[in-house]
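This report refers to the structure that appears directly beneath it.
Read the figures in this text as sums done on the coordinates, not as results from a lab. Because the structure is a prediction, the values reported are computed rather than measured. Cβ sites come from the backbone with ideal geometry, for glycine too, and all protein chains shown count toward neighbours.
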Amino acid sequence: MNEYLCHDFKTPRTDTSRRLPSSFRAIPVIFYVALVGSSYVMTMDYFNYKRALKQKTEAQERKKLSEEQRDAFNNEKASLESEATKAESVAQWMEGARNIQPIAVKIARAVQPETRITQVTLERSEQVPANLALTIHLNGSQVPNELATIESALGQLLYRSYSAQQTKNGDVVEYHSTLVRQSE
Amino acid sequence: MLLDEIKSVLSFAAFKADPDDSAVPWGKRYEGRKSLLINVSRGSVSWRSVNKRGRFEEGGVQEGELADSAPQRADEWRGMVEGGWCSVSVNHRFIISLENNLMRGHNCVGLLRTNPRAVLGPKYDRGKRYAICHHPETTASLLLAVEESLVKVTEDVLKTVNLKPGRVCCGLFAMLEHAILSIFRASSGGTPTDFVLIAACEGSLGVLVQQEGQWKDIRCRSGLGPEAVETALQIISPLLAKVPQGSPVYFIGDGHDNKFRTELMLHLEKVGATDLTQDDLLWSIIGEH
């Protein structure tokens with residue numbers, strides 16, 4: 001037998017609607033679960049957002065520091081490269097700049113005693129230190145031969161004369177040429 | 001309106017039974033809420049309040065008709081309820097009769113309220129409200145018929161004092177139903193073929209006789225005062241004579257004045273009557289079930 005339920009004969013109301021089925025309780029339950037779930041997700045998102053902002057600030061600070069360090073390194077590198085370039089130029093210049101004393105000795109030994117050298121000038125080219133501008137003032141009777149002897153002697157030092165010019169100014173012959181070092 | 005409906009769904013109120021949903025027991029309808037139980041007898045009105053925990057609290061009784069008592073007690077009664085809902089037991093101007101082969105089924109109770117002619121057929125009377133209690137094992141049924149005008153007047157009187165009847169029932173008939181169910185539940189080894197069931201409720205008396213497993217007779221009377229023990233015995237005695245000697249006699253009673261019940265039981269003890277009465281039985285039946 002079923003549980004006793006007391007009878008009722010009151011006047012039925014007409015303004016009532018049917019009660020929702022119990023299975024529909026799932027709707028508010030799902031609503032509240034979704035509410036709690038979304039609140040949890042939003043809260044976690046908020047904290048994650050705050051943490052991400054903090055991490056972003058820290059990363060930006062690290063980036064700024066790194067960029068400063070990079071710039072400092074770049075400047076230092078540029079400075080060093082500049083110095084290296086200069087040093088290389090100097091090294092190249094120094095490499096090209098050979099001693100001129102042997103040339104002077106060769107010229108002096110190549111000239112006969114009768115011929116007098118009044119002036120010898122050796123000027124090194126700033127751009128090409130291996131090239132030398134030679135100017136000799138000679139006074140004597142055998143000057144043309146002496147000049148040939150000088151060029152020959154310089155050839156032993158692997159120098160070759162280019163653009164040789166001779167001008168005679170009275171008894172003095174002015175000889176101008178450019179000595180170019182020949183590669184061995 | 002739509003917002004209210006959404007709120008009622010989200011607060012689960014939409015899934016709770018309506019306060020006047022007769023398909024749900026009163027205790028379940030008013031779980032966690034205060035309610036008021038009123039019994040209307042001929043010449044007196046008694047009441048009892050039920051607190052939020054479902055326990056009975058203060059009550060009272062007043063001589064006179066409901067129409068006179070209600071305005072006087074309106075403030076007190078309104079303080080005992082939430083939403084103004086109350087359960088009313090009407091204990092007079094009713095007839096209980098024995099019927100056979102009435103419609104049974106799950107929708108029978110609801111149909112009896114909305115379309116009683118479909119259940120009762122030619123037995124239906126336009127000016128009556130009905131309730132049915134079926135014999136658990138046979139085709140017999142107890143049919144309660146209450147004056148519709150009394151029900152309407154009772155509802156109108158309560159409405160004038162801002163109370164809403166969530167249930168209108170007959171206390172005596174409810175006690176008979178409850179007792180029949182208890183007897184058949186208690187006798188799992190086989191129900192007694194012959195017994196007499198006497199129910200007394202606030203000045204109303206009902207006597208049911210079962211012979212050879214069949215309900216044979218029902219007598220009822222309302223408006224009996226506390227001094228009307230002799231009148232009650234005159235109704236009971238012929239019916240007791242119908243059953244074989246030694247057959248069980250059950251008594252169930254409730255009322256504000258215990259004198260009637262005590263004196264009647266003194267006489268019934270001579271025929272070996274069993275008292276099924278419990279404390280606050282009427283209030284328990286209409287306030288819990």
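Across A:LYS56, A:LYS86, A:LYS106, mean-square fluctuation computed from a Gaussian network of chain A (C-alpha pairs under 10 Å connected) peaks at A:LYS56. Among B:GLY121, B:GLY43, B:GLY64, which one shows the biggest mean-square fluctuation in a GNM of chain B, springs joining Cα atoms closer than 10 Å? Comparing B:GLY121, B:GLY43, B:GLY64 in the GNM, the peak value goes to B:GLY121.
Averaged over residues, the count of other Cβ atoms within 10 Å places the peptides B:122-132, A:45-55 in the sequence B:122-132, A:45-55, highest first. When shorter helices are ignored and each DSSP H run of at least 4 residues is given -39500 (n - 2.57), the per-residue value for the protein assembly as shown at 222 nm works out to -13500 deg cm²/dmol. Comparing A:ARG116, A:ARG13, A:ARG25 in a Gaussian network model of chain A (Cα springs below 10 Å), the most mobile by mean-square fluctuation is A:ARG13. Per-residue Cβ neighbour counts within 10 Å put B:THR277, A:THR118 in the sequence A:THR118, B:THR277, beginning with the fewest. Can you give the net charge of the other residues whose Cβ lies under 14 Å from the Cβ of A:SER141, counting K and R as +1 and D and E as -1? Every neighbour counted, the sum reads -1. Sequence-distant contacts, meaning Cα pairs under 8 Å at least 6 residues apart, place the relative contact order of segment A:101-181 at 32 percent. Of all aspartates and glutamates in the structure, the ones whose alpha carbon falls short of 20 Å from that of A:LYS106, not counting any fewer than 8 places away in one chain, are A:GLU114, A:GLU123, A:GLU146, A:GLU151, A:GLU174, A:GLU184. In vacuo Debye scattering of segment A:1-87, one point per C-alpha: log10 I(q)/I(0) at q = 0.10, 0.26 Å⁻¹? Evaluating at q = 0.10, 0.26 Å⁻¹ gives log10 I(q)/I(0) of -0.68, -1.16. Projecting the Cα atoms of A:THR57, A:PRO113, B:SER8 onto the charge dipole of the protein assembly as shown (Cβ charges, centred on the Cα centre) puts B:SER8 farthest toward the positive pole.
Helix A:26-96 and the long axis of chain A differ in direction by around 0°, with both axes built from C-alpha atoms. Tell me the net charge near B:GLU230. Cut-off is 14 Å between Cβ atoms, B:GLU230 excluded, with +1 for each Lys or Arg and -1 for each Asp or Glu. After counting each charged neighbour, the total is 0.
The eigenvalues of the Cα gyration tensor, multiplied by 5 and square-rooted, give the protein assembly as shown an equivalent ellipsoid with semi-axes of 138, 22, 19 Å from largest to smallest. Among the listed pairs B:LYS128/B:LYS152; B:LYS242/B:LYS270; B:LYS159/B:LYS259; B:LYS16/B:LYS52; B:LYS28/B:LYS164, a Cα-Cα separation exceeding 22 Å is found for B:LYS159/B:LYS259. Based on Cα atoms of chain A, Rg over Rh with Rh as the Kirkwood radius reads 1.95.
In what order do A:MET94, B:MET80 fall by count of nearby beta-carbon atoms within 10 Å, going from fewest to most?
On the way: A:MET94 11, B:MET80 21.
Ordered from fewest to most neighbouring Cβ atoms within 10 Å, A:MET94, B:MET80 come out as A:MET94, B:MET80.
Straight Cα distances below 17 angstrom link A:LYS77 to the lysines A:LYS86, with same-chain residues fewer than 8 positions distant left out.
Principal-axis analysis of the Cα atoms of chain A puts helix A:101-110 at an angle of about 20° to the longest axis.
Counting other beta carbons within 10 Å of each Cβ, put A:THR43, B:THR193, B:THR154 in order, fewest first. Walk me through the numbers before you get to the answer.
Details: A:THR43 10, B:THR193 13, B:THR154 21.
Fewest-to-most Cβ neighbours within 10 Å comes out as A:THR43, B:THR193, B:THR154.
Note on chain B: the alpha carbon radius of gyration divided by the globular reference 2.2 N^0.38 Å gives 1.03.
Each Lys and Arg contributes +1 and each Asp and Glu -1, all at the Cβ; summed about the Cα centre of segment A:129-184, the dipole is approximately 120 debye.
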